[in-house]
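Only the coordinates and a few stated rules stand behind these numbers; no lab work does. None of the values given here were measured: they were computed from a predicted structure. Here Cβ is always computed from backbone atoms with ideal geometry, including for glycine, and neighbour counts include all displayed protein chains.
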Amino acid sequence: MLGMFDSGLGGLSVLREIRKREPHEKLLYLADHAHCPYGTRTLVEIRSFAMQITRWLCSEGAKLIAVACNTASAAALHSLRETFPSTPFIGMEPAVKPAVVNTTTGTVGVLATEATIKGKLFGELLDRFAEDATVLTQACPGLVELVEKEDYDSSQARSLLRRYAQPLLDLGADTLVLGCTHYSFLKTELQEMVGPNINIIDPAPAVADQVSRVLTEKNLRSKSELEQSDNLIVVCTTDLSHATHLSRQAQSLLGEPVHLRAVELD
Ligand code: DGL
């Protein structure tokens, strides 16, 4: 089974892409609602959540883990790979590379959480592309909470999106990178607001492609009928009050039934 996690339902945007590519794999998704949002927490705190979740996913039999969260990847990916050397991890980082390759103005904007922007991974990414383009960053507190409430279209949602995107456009950005998996759910509203000439990059498809590549390279794809017959999507939350909401969102996104589980991590 493939394990995945995020602070909440943002990573479902990645789950949907993985499901399209790997319909025969069982998927176990954990939303750490008890600690959501991650983006305003310290990197040390986020790392400890990521460690705990990974231990749990491994104990459930995950053969690969997709960290469907930019913030957890920024805080913990190095440590996870060190601590669990036999588990392949697919992490996420803001898609600066394709943005830099495709910009025509030479300026791109990255929307992400505060913790992602503070992390070493992102600093290294900026250094790599600093000579090729101007990369502007914008922390977006409040957007994750809107997505968790499924509030994509209210005046509050629009005004927050405008507040975060407009300064980047004013400085010449023609490309916006969604550097948090929750923001994928706001892509339509953001595109409407900024107009068709601004390219918005959502990394979920690229991350799912990488999952497929690793499954092939490591020969991890389920083979036997027996393995494939248990072909379920299980979504779990660490806070029961989010359970109904999570399974409804997952089912409507995927267009198929999912199993729901509440999980208490110690
Ligand atoms: N969806 C996550 C990300 O990709 C975490 C957002 C949060 O909890 O602040 O960064």
**Asked** Can you list the residues, at least 5 places off or on another chain, whose amide H is less than 5 Å from the amide H of VAL177, using H built in the peptide plane?
**Response** GLY109, VAL110, LEU111, ILE201
**Asked** Kirkwood hydrodynamic radius (Cα pairs, Å) of the chain?
**Response** 18.7 Å
**Fill in**
Filtering GluC sites (Glu not before Pro) in segment 118-181 by DSSP loop and by at most 11 other Cβ atoms within 10 Å leaves GLU131
**Message:** If the only charges are +1 at each Lys and Arg Cβ and -1 at each Asp and Glu Cβ, what is the size of the charge dipole of the chain around the Cα centre, to the nearest 20 debye?
**Reply:** 300 debye
**Item:** Principal axis dimensions, largest first and in whole angstrom, of segment 159-266 by Cα
**Value:** 55, 39, 31
**Vicinal HN-Hα couplings computed from phi for segment 239-246 (Karplus, 6.51 cos²θ - 1.76 cosθ + 1.60; Hz; Gly/Pro x)** = 9, 4, 5, 9, 4, 4, 4, 4
**Fill in**
Heads up, segment 1-101 by the C-alpha gyration tensor (a ≥ b ≥ c square roots of eigenvalues; a/c under 1.5 rounded, else a/b over b/c prolate, else oblate) looks rounded
**Asked** Percent relative contact order of the chain, based on C-alpha pairs within less than 8 angstrom and at least six residues apart?
**Response** 26 percent
**Hz values of 3J(HN,Hα) by residue in segment 160-174 - Karplus curve (6.51, -1.76, 1.60), Gly and Pro given as x** = 5, 4, 4, 4, 7, 7, 4, x, 5, 5, 4, 8, x, 5, 10
**Complete:** Long-range amide H partners of LEU64, meaning residues 5 or more apart or on another chain whose placed amide H is closer than 5 Å, are GLY3
**Request:** Indicate the gyration tensor shape class of segment 81-214 (rounded, prolate or oblate), computed on the Cα atoms with a ≥ b ≥ c the square roots of the eigenvalues: a/c under 1.5 is rounded; otherwise a/b larger than b/c is prolate and the rest oblate.
**Result:** oblate
**Item:** 0 to 90° range, to nearest 10: angle between helix 70-83 axis and the chain longest Cα axis
**Value:** 50 degrees
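How high is the relative contact order of segment 68-157, in percent, with contacts defined as C-alpha pairs under 8 Å that are six or more residues apart?
28 percent
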**Prompt:** How large is ³J(HN,Hα), in whole Hz, for each residue of segment 109-117 in order, when computed from phi with the Karplus curve 6.51 cos²θ - 1.76 cosθ + 1.60 and θ = phi - 60°, using x for Gly and Pro?
**Reply:** x, 10, 9, 7, 7, 4, 5, 4, 5
**Message:** Out of the GluC sites (Glu not before Pro) in segment 58-122, which ones are loop residues according to DSSP with at most 16 other C-beta atoms within 10 Å?
**Reply:** GLU60
**Message:** Checking the a/c ratio against 1.5 first, then a/b against b/c, what shape does the Cα gyration tensor give for segment 93-143?
**Reply:** oblate
**Item:** Projected-area mean, segment 113-191, by convex hull of Cα positions, square nanometres
**Value:** 5.3 nm²
**Request:** Only helical DSSP H runs with n ≥ 4 go in: add -39500 (n - 2.57) per run for the chain, normalise by residue count and round the 222 nm mean residue ellipticity to 500 deg cm²/dmol.
**Result:** -14000 deg cm²/dmol
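From Cα pairs below 8 angstrom and at least 6 apart in sequence, can you work out the relative contact order of segment 1-152, rounded to a whole percent? Write out the running numbers ahead of the final one.
Working: 229 pairs, mean separation 35.7, N = 152.
Reported relative contact order: 23 percent.
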